[in-house]
Amino acid sequence: MSSETTPRNNFIRELVEDDVATGRFGRPVTTRFPPEPNGFLHIGHAKSICLNFGLAEDFAGRCNLRLDDTNPFTEDMKYVEAIKRDVAWLGFTWAAECYASDYFDKLYEIAESLVKTGKAYVDSQNEEEIRENRGTVMEPGKPGPYRDRTPEENLDLLRRMKAGEFPDGAHVLRAKIDLAHPNMIMRDPLLLRIRHASHYRLGDEWCLYPLYDFAHGLSDAIEGITRSLCTLEFKDNRDIYEWLVNEAGFERPPTQIEFARLELDYTVVSKRKLLRLVNEGHVSGWDDPRMPTLAGLRRRGVTPEAIRAFCDSIGVARKPARTELATFEHAVRNDLNMRVPRVMCVVDPIKVVLTNYAAGQVEELDASYYPHDVPLTGSRKVPFSRELWIEREDFMEDPPKKFFRLAPGREVRLRYGFFITCQEVVKNDAGEIVELRCTYDPATRGGDSPDGRKVQGTIHWVSAARGVTCEVRLYDKLFTVPDPEAQGDDVDFTTFVNPDSIRVMSHAKVEPSVLGDAPDARYQFERTGYFVKDVADWRDERPVFNRTVTLRDTWAKVKGA
RNA sequence: UGCCCCUUGGUGUAACUGGCAACACGCCUGACUCUGGAUCAGGAGAGUCCUGGUUCGAUCCCAGGAGGGGCAACCA
C-alpha cells in the first residue's frame, strides 16, 4: 500500500524502532501533526506532515491531525479548513481530527490539581513585572510578591479567573518551578492567561486560555501520542513538557523529539513572514503560485507526489540546514516527466510564413502526447497552416556556433511537422524582426525526411490560423538571494523580493487541443517547461497557464558560458 | 557571559553502532534522441571542524578548543 522503496534511515526512525522493540509505550506508534490554525500550511509543514504520517504508516500506528488552537486572537475556521484540505491533498488520512480547544476542561482540571499540590500559583504581577523578575539569560530571576500564596488562595483566584471576574492581564497561572533555573523556559512558565475574546470554535465559553507549553504536551498525553515530533527551537521547551506530563500523572507519557525545520533557498518558510507577503501585497494571496504554501504550490502545478518525494529526499536530522532549490525542482520535474502530456505552446511568438504552402489550407498532424520513454499512450491532432508562430528565441539572424535552431538559410524540423528552411527575414522600420519567410519540404510530413537528411534542431510551433492566444505566467524565485532572512539585522527580508518573480506573457499561442482538458490540467509545453491551467483566473476567452518549473536547459548553460 | 543543541564533498543525508566514507541533488565528459527534455555510460569533488587521548584500528568513545544555532512573547 505505502511506498515500495524502503524509507531511508534517520535518527527518529531509529528511536521509534527501539520503542517498538522494547515495548516502551505499550501502545501503537502514535504521532500527530499539530498546526495552529492561524495561517496556511507551507512546504516546511509538508516535511513535518510526511514525517509524522509516514512514521505512523510505516509502523502500523496512527497519526492525528490536531489543531493547536489556544490563542483566540489569531485563529480562524478558514485556516482550519485550508489545513484539512492541504493535508488531505498531500495524500494523508488522519486517524482523528483533534482540537486543543476540546481539552480546555481537562486542562483546567489539571491546573486546579497543580494549584492544590502547590505546583502552580496565581501571579498578579503585570506583564512587565513578570518579564523583569524572570531575569535574563545571564542573570537569574527572582520570585515575585505573589509566589507564596497559599493553595487555598490560589484556588479561589483561579476559579474566579475562570468565572470571568478579572480583566485581561490581571492574573496569570504559573507553574511553581524555579525563577533561577538555567533554562529560561523553566522560570515559572505561564500556564493560563485571561483573554476575554471570542474563540472561533468555543465562542465565549472560556476567558481562560492555555499557553503553548501548558497545552501542547498535555494534549499529546491525552491523545496517547508516543513520540511528539517538533522542530529544534522547541528543544528548551522539552523540560516543561516532561515536567507537566509527569505532574499530571500520565503513565508512559509521550516524549518529544526535535528535528531541524526545512529551510529552502530563495524563499521564506515562516508563517509570520508569509503573512506579511500577503498583507503587504508582495503576492496576490496565500495561494499565489510564488508562495511556498501548499495552496501556492498546488496552484503552481506541483503535485502532492512531488512534494512527498522531495520530503523523503531531504532526510531528517538535528542539524539546521538549507536545501537548494535544485533539489526541490528535481523532485518536481522527476514526477511531472512521467505523468503529464506534452503539448506545444509558443510563449513569445514570432511569425513564420511558409511561402510554398497553400494559403487557407489547414491540415491535421498526428502528435503523440508522450515521448518514447514515457510508458503512457495517447495523441492528438495538431493543425498546421501557412502561417505559424515559433518562439522568438528559436531564431537568430547571426547565430553562434553551437546554436542549433533556425537561422537564415538554415533548415530545422517543426516538431511533428515538416522541415522548414528560412529564406528571408522581414523587419519593421525599427529594425525589429516581424516575420520569417520560409519554405517547407512537403516530403518531410510528420518530421522525417525520405532522403535521410538530418537537421540539427527541432523546434515547437503553433498554427497562426488555429492557435489560441493565451496568457502564460512565467514564475521564478520569489527572492533574489538564497537566504533573504539572513542579510543583516537592519535589512528587511521584503527588500529582496524578486521583481521578476512573475513575468506575464500575454500574447502566447497554444495549440487548440488544450481547450477541452480539465480545468486543472498539467502539461509539459515542449522544450520550455511544465505548466498548469490556472484554476482561479482561467477564462475560456483568455486562457491562463502557470509555469510550474522550467525544463532542464543545457543550452542555457552553453549560452551563458 | 548562563543553559541547551549542532559540526561528514558545492548542497542535503548515510555508514551493520570501532573495521580504512556511501547515496541523492548539483557539476563535468561522452553516447543516444523528432523536446538542447528523458535515458544510458563515465568523471571530478570530503579523508569526516581543530588538538590531544583510548584502541591493532575512530566519522563513531573520552577531554579540551573553535565555529554555527536556539532560549529572556500573557506567540506557537
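The rows are residues; the columns are (1) among the basic types (Lys, Arg); (2) over 37 Å from the mean Cα position of the chain (by Cα); (3) near RNA strand B (Cβ under 10 Å from one of its atoms); (4) at pLDDT 95 or above.
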| residue | (1), (2), (3), (4) |
| --- | --- |
| A:164 | no, yes, no, yes |
| A:168 | no, no, yes, yes |
| A:186 | no, no, yes, yes |
| A:196 | no, no, no, yes |
| A:209 | no, no, yes, yes |
| A:212 | no, no, yes, yes |
| A:215 | no, no, yes, yes |
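Answer with yes or no whether residue A:158 is under 28 Å from residue A:141 (Cα atoms), in the same structural domain as residue A:253 (by TED's automatic domain parsing), part of a helix (DSSP H, G or I) and of a type outside the set (Val, Ile, Thr). Please lay out each step first, then the result.
On the way: under 28 Å from residue A:141 (Cα atoms): yes; in the same structural domain as residue A:253 (by TED's automatic domain parsing): yes; part of a helix (DSSP H, G or I): yes; of a type outside the set (Val, Ile, Thr): yes.
So residue A:158 passes the test.
Among the listed residues A:177, A:225, which satisfies the condition of being away from RNA strand B (no atom under 12 Å from the Cβ), surrounded by 23 or more Cβ atoms within 10 Å (Cβ to Cβ) and in a loop (DSSP other than H, G, I, E, B)?
Values: A:177 fails: surrounded by 23 or more Cβ atoms within 10 Å (Cβ to Cβ).
Going through A:177, A:225 in turn, the sole match is A:225.
What are the residues in the range A:482-496 that are more than 15 Å from RNA strand B (Cβ to nearest atom) and either surrounded by 15 or more Cβ atoms within 10 Å (Cβ to Cβ) or in contact (Cβ under 8 Å) with a residue 12 or more places away in the chain (or both), if any?
Step one: list which residues in the range A:482-496 are more than 15 Å from RNA strand B (Cβ to nearest atom), which gives A:490, A:492, A:494-496.
Once the filter is applied, which keeps residues that are more than 15 Å from RNA strand B (Cβ to nearest atom) and either surrounded by 15 or more Cβ atoms within 10 Å (Cβ to Cβ) or in contact (Cβ under 8 Å) with a residue 12 or more places away in the chain (or both), the range A:482-496 yields A:494, A:496.
For residue A:93, which of the numbered conditions (1) hydroxyl-bearing (Ser, Thr, Tyr); (2) more than 30 Å from residue A:150 (Cβ to Cβ); (3) part of a helix (DSSP H, G or I) fails to hold?
(3)
Please verify whether residue A:103 is touching a helix residue (DSSP H, G or I) at 6+ places or on another chain (Cβ under 6 Å) and within 16 Å of RNA strand B (Cβ to nearest atom), treating the condition exactly as stated.
Criteria met by residue A:103.
How many of the residues in the range A:234-288 are within 14 Å of RNA strand B (Cβ to nearest atom), touching a Gly at 6+ places or on another chain (Cβ under 7 Å) and of a type in the set (Lys, Arg)?
Total satisfying the criteria: 2.
The values are calculated or read from the model by the stated rules, or taken from the named source; none is laboratory data. Quantities reported herein were computed from a predicted structural model and do not represent experimental measurements. Cβ sites come from the backbone with ideal geometry, for glycine too, and all protein chains shown count toward neighbours.
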